[in-house]
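One structure is given here, and the rest of the page talks about it.
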Amino acid sequence: QMEYFENVGGAVAKLSWVKLSGSGDWTGQYFNNKTLSGSPVLTRNDSQINFNWGSSSPATGINSDNFSVRWNRSLNFAAGRYRFTATSDDGVRMWVNGQLVINGWTDHTPQTFSGEIDLPNGSVPLQVEYYESTGGAQVQISWTTVSTTPAPTPSPSPSPSPTVGTGTVVSSYLNVRTGPGIQYSIITTLVKNQTVNLTGYRSADANWVQITMSNGTKAWVSGKSYYLQTNVNIANMPVWQGTAPTPAPSSGTGNITNAYYVNLRTGPGVSYPVITAVPSGTNVTLLGRNSSTTWLKMRLPNGTIGWMNAYYVSNSAAFASLPVLGG
C-alpha cells in the first residue's frame, strides 16, 4: 500500500523495488565513491562475484572509476578448513563468519590474495568489500576446501590479518619507541624522508602505528600525518592486542632558565644538530646526563627528546642522581 498527498506546486511520486538476495545470490550495493559511504546508487542480486569491467562501468548510473561495492550473502558449509581467494584491481577485503580473512585494501594492479579459516557446520555469513580507483577494474572471489575434518574447539581468536604497508617520515625528526605513547622509551630517532615498514597494527586511538625495524624488532612511531605519511589508511588497521612494555620511570623535572631561548640538540655537545629552540620557563622531564654532568637529556612537553647544556636548566633534584646516558 502506498499513500501520497500533494498540496501546491510541483508534484511527483515514484515507487520502485528490488528483490533481495535469494538462496545462492549475493546482494550487491554499488556506491559512486571509493569509501562505501552514503546511500548506494544501485542494489542488485549478483549470482557470483566474477567481474572484469576493464575501463567500463559496472551498470548504468555507476561511475567507471572511483566506485565501490559491498556484497553480502550467507552460505551453508560443512565443518572444516577453507581457503578463500580474491583477485582484484583495486582494493578488496573479505569477512567470513565475522572474521577478516583477506585484506588487500590498497590501490594496485591485478593481484591475488588468500586466507584460510576453520568453519563450523551450518550457515556462515560472507561479506566482500571492493573499491575501484582509476584504470582497469576487476574482482573475483572463490574458495576451496582444505580439509573437511571437523574444526577443533576454537581457541581465543588472534588479531585480524593486518594491512601491511610503508610510511615515510615527513617531519624533521621522528622518535621510535618501545610502546604506543610518549611515555615509552626511545629506541632511535628517524629523520625526514626515511621509510619504515608497517606491521599493519595500530594503537586503540589510531595515533600510533607499529613498525618493523631493520633488525626485525617491533617498535612504535606516531602515525599523525604531520609526522608520517603512510600508503594505507591507519584507521582501517586492526588494533594491536599485545602487551607493551612498562614505560620507564622519569628521573626528575626541570625548568628552562638563564636565557630567552635555549637550543635542544641531538647529542651532548654543541657539535650536534639543533632540534629546536626551547623558550625560557618551559617545564621538561629529565631523563639522564653525560658523564661530566654538563649536558642533560630531556623530554619536552610535546614528546620531543634531546640534549641541553645543564647551565640553562634548574631542576627538582641533583643532576648527579640522573643516570649517565652518553658522553
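The values are calculated or read from the model by the stated rules, or taken from the named source; none is laboratory data. All of these numbers come straight from a predicted model, not from anything done at the bench. Note: ideal-geometry Cβ built from the backbone for every residue, glycine included; neighbour counts use all protein chains shown.
Quick check on region 290-311: of everything there that is farther than 24 Å from SER172 by Cα and not polar (S, T, N, Q), which residue is nearest to the chain's Cα centre (by Cα)?
Among residues in region 290-311 that are farther than 24 Å from SER172 by Cα and not polar (S, T, N, Q), the one nearest to the chain's Cα centre (by Cα) is ALA310.
Output yes when any residue across region 42-49 is touching a residue at least 40 places away in the same chain (Cβ under 8 Å), polar (S, T, N, Q), in a strand (DSSP E or B) and assigned by TED's automatic domain parsing to the domain that holds TYR131, and no when none is.
Looking for residues that are touching a residue at least 40 places away in the same chain (Cβ under 8 Å), polar (S, T, N, Q), in a strand (DSSP E or B) and assigned by TED's automatic domain parsing to the domain that holds TYR131, one finds none in region 42-49, hence no.
Give, as residue ranges, the strands (runs of 3 or more DSSP E) completely inside region 213-311 that count at least 1 residues that are in contact with a helix residue (DSSP H, G or I) (Cβ under 7 Å, 6 or more places away or on another chain) and among the hydrophobic types (A, V, I, L, M, F, W, C).
Working: elements: 218-222, 228-230, 253-256, 261-265, 274-279, 283-290, 295-299, 305-309.
Here the list reads 253-256, 261-265, 295-299.
Those residues that are over 30 Å from ASP118 (Cα atoms), under 25 Å from the mean Cα position of the chain (by Cα) and not hydrophobic (A, V, I, L, M, F, W, C), I need them from region 40-73; list them, please.
ASP65, ASN66
Test LEU325 against the criterion of being within 19 Å of THR189 (Cβ to Cβ), modelled with pLDDT under 85 and either surrounded by 14 or more Cβ atoms within 10 Å (Cβ to Cβ) or not assigned by TED's automatic domain parsing to the domain that holds ILE187 (or both), and give yes or no. Break it down into steps so the answer makes sense when it comes.
Values: within 19 Å of THR189 (Cβ to Cβ): yes; modelled with pLDDT under 85: yes; either surrounded by 14 or more Cβ atoms within 10 Å (Cβ to Cβ) or not assigned by TED's automatic domain parsing to the domain that holds ILE187 (or both): yes.
In short, yes.
Residue-wise test of (1) buried (at least 17 other Cβ atoms within 10 Å of the Cβ); (2) under 25 Å from ASN63 (Cβ atoms).
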residue	(1), (2)
LEU100	yes, no
GLU116	no, no
SER123	no, no
GLY135	no, yes
THR144	no, no
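Quick test for you: out of ASN103, ASN76, pick the one residue that is within 23 Å of the chain's Cα centre (by Cα) and not hydroxyl-bearing (Ser, Thr, Tyr).
Details: ASN76 fails: within 23 Å of the chain's Cα centre (by Cα).
Residue meeting the stated conditions: ASN103.
Restricting attention to region 70-89, which residues are crowded, with 19+ Cβ neighbours inside 10 Å and under 17 Å from GLY28 (Cβ atoms)?
If the condition is that a residue be crowded, with 19+ Cβ neighbours inside 10 Å and under 17 Å from GLY28 (Cβ atoms), then TRP71, ARG73, ALA86, SER88 are the ones that fit.
Look through region 192-229, keep the residues that are touching a residue at least 40 places away in the same chain (Cβ under 8 Å) and farther than 15 Å from GLY165 by Cβ, and return whichever of them is surrounded by the most Cβ atoms within 10 Å (Cβ to Cβ).
Only one residue fits best here, namely TRP220.
Quick one: which residue in THR285, THR276, THR294 is hydroxyl-bearing (Ser, Thr, Tyr), surrounded by 14 or more Cβ atoms within 10 Å (Cβ to Cβ) and farther than 21 Å from GLN183 by Cβ?
Working: THR285 fails: farther than 21 Å from GLN183 by Cβ; THR276 fails: farther than 21 Å from GLN183 by Cβ.
Just a single option satisfies the conditions, and that option is THR294.
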